[in-house]
Amino acid sequence: MPDASAAKKTLPDAQTVTTVRHWTDSLFSFRVSRPASLRFRSGEFVMIGLPGDNGKPILRAYSIASPNWDDELEFYSIKVPDGPLTSRLQHIRPGDEIIMRPKPVGTLVLDALLPGRRLWFLATGTGIAPFASLMRDPETFERYDQVVMMHTCRTAEELTYGRELVENLAHDPLLGELYGADFAKRLLYYPTTTREESPLMGRITDNLVSGKVNADLNLPPISAETDRAMICGSLAFNQDVKKVLEDFGLREGANSEPREFVVEKAFVGDGI
Ligand SMILES: Cc1cc2nc3c(=O)[nH]c(=O)nc-3n(C[C@H](O)[C@H](O)[C@H](O)COP(=O)(O)OP(=O)(O)OC[C@H]3O[C@@H](n4cnc5c(N)ncnc54)[C@H](O)[C@@H]3O)c2cc1C
């Protein structure tokens, strides 16, 4: 395969698009070349964008959805109708260039949590992106015996990116070799819908408070001794889940002060 990172770049901080996949009318993912010098921790985000009409770039925060060992960078994106960036970004094709500022940051990193037995990833919509990175990082499974991926969308179709990723992980050369058939017990997947009928329905908060998810997955109740969590969704979702976790006795941490859970916005605004 040609080394896209070595191709001639026409924009400053440009990276070349290698693949694009459209999942629904409002969701797509794409991969770009990775600058050789870029180091990041799985779960972090960067600013990416396109040149604007006035020559000023339109940049937005994006979680890196690929793990830190990957040769390329993957992003999972919403298509906001009339959104300054995504109304155009959704039309990118392999060979196009995007801008990427190479300064990864973020709170959804393993170092921001105290050691524990079980790690919960709690996401709505594109909030699954940082967890797509962390689920593919063997370090996540070195640190925790079990990972629970709870992802909620309005419809089953909107869950497809995450579902396919989890299914493919069972055959992942790295994780498959490390954990073999045991991997199915290490990564538990709990997808739910809120608007469309599906085998599992309901909000993440309701499923946590009622203990339904624990009962369905045969897990003990959440406790500050054993459980750690990362939250990524709308502001309202983040606040609701944060309150639920605090009621279980977990405390919010940060890079500088690791505790039992961390939170990050999946976007600014109320959502669409
Ligand atoms: C830390 C952080 C990480 C982010 N990571 C991602 C990511 O991995 N993938 C991604 O698609 N977006 C992500 N976003 C949102 C992203 O920065 C942009 O807002 C999004 O790409 C839309 O850009 P826009 O210019 O088209 O519209 P904007 O003007 O930025 O947004 C218009 C409106 O659309 C809604 N909106 C924006 N993004 C989303 C979204 N992802 N899901 C639902 N509604 C949304 C909001 O109501 C917003 O007010 C992240 C935001 C933050 C703060």
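Since every read-out is calculated from the coordinates, none of them should be taken as a lab result. Since the structure is predicted, the reported quantities are computational estimates derived from the model, not experimental observations. Note: ideal-geometry Cβ built from the backbone for every residue, glycine included; neighbour counts use all protein chains shown.
Cross-link partners among aspartates and glutamates for LYS265, C-alpha distance below 13 Å, same-chain residues fewer than 8 apart left out? In chain and number order, the partners are GLU44, ASP240. Computed from point charges on the beta carbon alone (+1 for Lys and Arg, -1 for Asp and Glu), the dipole magnitude for the range 110-263 about its Cα centre is near 280 Debye. Within the chain, antiparallel bridges make up roughly 50 percent of the DSSP beta bridges whose residues both belong there.
As a proxy for reagent exposure, ranking TRP120, TRP69 by other Cβ atoms within 10 Å from fewest up yields TRP69, TRP120.
All alpha carbon pair distances within the chain were sorted into 10 Å bins beginning at 0; the resulting P(r) in whole percents reads 7, 30, 36, 21, 6, 0. Net length available on complete extension from ARG93 to ALA254 is 54.3 nm, with 0.36 nm assigned per residue and the Cα-Cα distance removed. Mind jotting down the distance between the C-alpha centroids of the range 201-265 and the range 51-72, whole Å? After rounding, the separation between the Cα centres reads 29 Å.
The residue list LEU27, PRO102, PRO130 was ranked by how far each Cα lies along the charge dipole of the range 1-157 toward its positive end, using unit charges on Cβ atoms, and PRO102 comes out on top. Placing unit charges on the Cβ atoms only, positive for Lys and Arg and negative for Asp and Glu, gives the chain a dipole magnitude near 540 debye about its Cα centre. Taking amide H atoms as placed 1.01 Å from N in the peptide plane, the amide H of THR192 lies under 5 Å from those of HIS151, THR152, CYS153, each 5 or more residues away in sequence or on another chain. Legend: calculated FRET efficiency, LYS56 to GLU177, from the Cβ-Cβ distance at R0 = 45 Å, rounded to 0.05, equals 0.45. Quick check on the range 151-222: take the gyration tensor over C-alpha atoms, sort the square-rooted eigenvalues as a ≥ b ≥ c, and tell me if it's rounded (a/c under 1.5), prolate or oblate. Judged from the Cα gyration tensor, the range 151-222 comes out oblate (a/c at least 1.5, b/c at or above a/b). Counting beta carbons within 10 Å around each of CYS153, CYS232 and listing the fewest first gives the order CYS153, CYS232.
In terms of overall dimensions, the range 110-263 has a Cα radius of gyration and Dmax of 14.5, 42 angstrom.
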